[in-house]
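Please read the structure below before turning to the comments.
The values are calculated or read from the model by the stated rules, or taken from the named source; none is laboratory data. Here the structure is a predicted model, which means the values were calculated and not measured. Here the Cβ is made from the backbone with ideal geometry for all residues, glycine too, and neighbour counts use every protein chain on show. Areas reflect the complete protein model, heavy atoms only, side chains present, ligands, DNA and RNA absent. Shrake-Rupley method; radii C 1.70, N 1.55, O 1.52, S 1.80 Å.
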Amino acid sequence: MSVVLTICPILFLNACSDSSDLAPATVEQPEVAPIYKIGPGDSLTIFVWRNPDISTGVAVRPDGRISVPLLEDFEVANKTPTELSREIEAELGKYVQDPLVTVIVNGFVGTYAEQVRVVGEAVQPLAIPYRANMTLLDLMITAGGLTDFADGNSTVLVRTEDGEQKEYRVRVSDLLKDGDITANVAMLPGDVLIVPQSIF
């Protein structure tokens, strides 16, 4: 949370510049949705077949690790559930004969790089895990829409592309208030939406 609060002032300063000279964001979705990776705050169920005494539920700590029976401080962040299952099997194999492990993610938070954020004049600024085929409309519904003080059509989308941060203009007011579906655009993992305040 402190990281988000630290970067917000910088993002707001960027958003204060005239967004009309920014290129509009595109509506295209990625061809292949990214595979979900485990992140701090996720809730996991670790099921070890025929070993109920070491099957357990656990939350991923802020440092990206978990502690479960027979395994302490095990690194899980940035791994898919399948990758983690195979790694736990390898470690448990030292204590259990031919363990078969399934990792189930129950509460989704995800890695920071795979979250989508909206800050500024949204009713509920937030960060949520990216979902396949997520759009601007999906994000704004989750955030409760715009406040009465928002300048929705000056909203800036900050996106990392090829290791560089780029900014795009999005027309949130046209989408939400006028129902202009052409203003709906694809969201991608790591996107930050900055909704500025109207200047009266």
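Annotations for the structure displayed:
- Each residue in the range 148-200 was checked for being of a type in the set (Phe, Trp, Tyr) and touching a strand residue (DSSP E or B) at 6+ places or on another chain (Cβ under 7 Å), and 2 pass.
Results for (1) of a type outside the set (Gly, Ala, Ser); (2) crowded, with 17+ Cβ neighbours inside 10 Å; (3) touching a Gly at 6+ places or on another chain (Cβ under 8 Å), shown as yes or no for each residue.
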site: Met134; (1), (2), (3): yes, yes, no
site: Leu139; (1), (2), (3): yes, yes, no
site: Thr142; (1), (2), (3): yes, no, no
site: Gly145; (1), (2), (3): no, no, no
site: Ala150; (1), (2), (3): no, yes, yes
site: Arg159; (1), (2), (3): yes, yes, yes
site: Arg169; (1), (2), (3): yes, yes, no
site: Asp174; (1), (2), (3): yes, no, yes
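- Residue selected from the range 69-117 under the condition more than 29 Å from Leu188 (Cβ to Cβ), open to solvent by 20 Å² or more (accessible area, probe 1.4 Å) and not in a loop (DSSP other than H, G, I, E, B), by the criterion modelled with the lowest pLDDT: Glu72
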